[in-house]
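Peer 1: Can you read through this structure? Questions will come right after.
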Amino acid sequence: MDPIDQFTSNSATASDFDVVFNDSKSKCLVNRHRYASYCSSVDDVCFFTGGYNIEVVGSWPHLGHVVSDSHGDGLDVSQRRCKFIGQVNNVLGWFSKLDCDTKTKLFKSYCSDFYGCELWDLSDVSMQSLCTSWRLALCRIWKLPYNCHKSILHILSGDLPLMDILCERFYNFIHTCVNSVNGLVKYVVRQGILFSGMKSWIGRNVQFLSERYQVCIPDMLTHSLAESNFTRICQRHVENSMDPEVFW
């Protein structure tokens, strides 16, 4: 069926069953091909629902995530960064008189959720700004100067650096998907890793992990590299990248 005919048929079905769509909550976002800069402009294309024109937007929040027509996660990460800074300000404002250890626990509980970060592109440049804000927050919690050596901040927090935390959460996500009992989920993830390569955010992230932690990509598709083993790999990477004198 022609797409226009199908759209007309769907509209007629909605009219027959008295289904009303809210045009103010409907947006049109054009999903352009990531590498096709030669695509023709579609800014003058109009879609309608219930007789009302649907607004064409470049980005829009959906289920808590900012979806962009540029295929990047910069807007979503920036929004989370602003939310993170606000959460840190609230914690420090309400609990400023508590000791640093207690504030660190509150920081982990109320400021470090980063819901949906497993879907972010780890190589996106906006990730560095988020990690910088995370380090500055720890400096405020421990009342350290902002030029404090970043290598010691995660030691004070008793955790990995934020970038390694995000890498670990992504790996746990794909590890669960690769070993899922759902054949479709397993197929989509394997397709993104083995065949789509750098054209897929999954493939790019797996390549990022492989280069950062010196892990073979095939090992990520097996049960041999369990989540606990990958955590130890992250810890060893952080320890090896630190200056021993700075550590002591």
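The values are calculated or read from the model by the stated rules, or taken from the named source; none is laboratory data. This is a predicted model, so every value here is computed, not measured. Using ideal geometry, Cβ is built from the backbone for each residue, glycine included, and neighbour counts are taken over all protein chains shown.
Peer 1: What is the number of the single condition among (1) modelled with pLDDT under 85; (2) under 23 Å from Phe230 (Cβ atoms) that Leu162 does not meet?
Peer 2: The one condition Leu162 does not meet is (1).
Peer 1: Could you list, in sequence order, all residues of the range 128-170 that are of a type in the set (Val, Ile, Thr), without any contact (Cβ under 8 Å) to a residue 60 or more places away in the chain and out of contact with any helix residue (DSSP H, G or I) (no Cβ under 6 Å at 6 or more places or on another chain)?
Peer 2: Thr132, Ile165
Peer 1: Can you report the number of residues in the range 43-68 which are within 16 Å of the chain's Cα centre (by Cα) and either assigned to a loop (DSSP other than H, G, I, E, B) or surrounded by fewer than 12 Cβ atoms within 10 Å (Cβ to Cβ) (or both)?
Peer 2: Final tally of qualifying residues: 3.
Peer 1: I'd like the residue in the range 147-191 that is acidic (Asp, Glu) and within 22 Å of Arg204 (Cα to Cα) and, out of all such residues, is surrounded by the most Cβ atoms within 10 Å (Cβ to Cβ).
Peer 2: Once the filter is applied, the top-ranked residue is Asp164.
Peer 1: Shifting gears a bit: Between a residue in the range 74-101 that is closer than 18 Å to Leu119 by Cα and any residue that is among the acidic types (Asp, Glu) and surrounded by 13 or more Cβ atoms within 10 Å (Cβ to Cβ), which pairs come within a Cβ distance under 7 Å, given they are 6 or more apart or on different chains?
Peer 2: Taking only residues 6 or more apart or on different chains, the pairs are Gly74/Asp124; Val77/Asp124.
Peer 1: Only helices (runs of 4 or more DSSP H) wholly contained in the range 76-186 count here; list those with 3 or more residues that are aromatic (Phe, Trp, Tyr).
Peer 2: Filter on the range 76-186 gives 162-178.
Peer 1: Hey, another quick one. Applying the selection to the range 113-127, what residues are touching a residue at least 12 places away in the same chain (Cβ under 8 Å), out of contact with any Ser or Thr (no Cβ under 8 Å at 6 or more places or on another chain) and either surrounded by 13 or more Cβ atoms within 10 Å (Cβ to Cβ) or not hydrophobic (A, V, I, L, M, F, W, C) (or both)?
Peer 2: Phe114, Tyr115, Gly116, Cys117, Glu118, Leu119, Trp120, Asp121, Leu122, Ser123, Asp124, Met127 - these are the residues of the range 113-127 that are touching a residue at least 12 places away in the same chain (Cβ under 8 Å), out of contact with any Ser or Thr (no Cβ under 8 Å at 6 or more places or on another chain) and either surrounded by 13 or more Cβ atoms within 10 Å (Cβ to Cβ) or not hydrophobic (A, V, I, L, M, F, W, C) (or both).
Peer 1: Another question, then. Filter the range 133-158 down to residues that are charged (D, E, K, R) and either modelled with pLDDT of 90 or more or within 17 Å of Val88 (Cα to Cα) (or both) and give me whichever is farthest from the chain's Cα centre (by Cα). Walk me through how you get there before you give the answer.
Peer 2: Just the residues of the range 133-158 that are charged (D, E, K, R), to begin with: 135, 140, 143, 150.
Of the ones still in play, those that are also either modelled with pLDDT of 90 or more or within 17 Å of Val88 (Cα to Cα) (or both) are 135, 140, 143.
Numbers: Arg135: 18, Arg140: 25, Lys143: 29 Å.
Only one residue tops the list, namely Lys143.
Peer 1: Now a separate question. For the range 189-204, indicate whether the set of residues that are in contact (Cβ under 8 Å) with a residue 60 or more places away in the chain, touching a helix residue (DSSP H, G or I) at 6+ places or on another chain (Cβ under 6 Å) and among the charged types (D, E, K, R) is non-empty.
Peer 2: Looking through the range 189-204, at least one residue is in contact (Cβ under 8 Å) with a residue 60 or more places away in the chain, touching a helix residue (DSSP H, G or I) at 6+ places or on another chain (Cβ under 6 Å) and among the charged types (D, E, K, R).
Peer 1: Residues to consider are Val88, Val56, Val66; find the one that is modelled with pLDDT of 90 or more and of a type outside the set (Phe, Trp, Tyr).
Peer 2: Val88
Peer 1: Do you know which of the residues in the range 174-221 that are more than 17 Å from Ser123 (Cβ to Cβ) and small (Gly, Ala, Ser) is farthest from the chain's Cα centre (by Cα)?
Peer 2: So the residue we want is Gly183.
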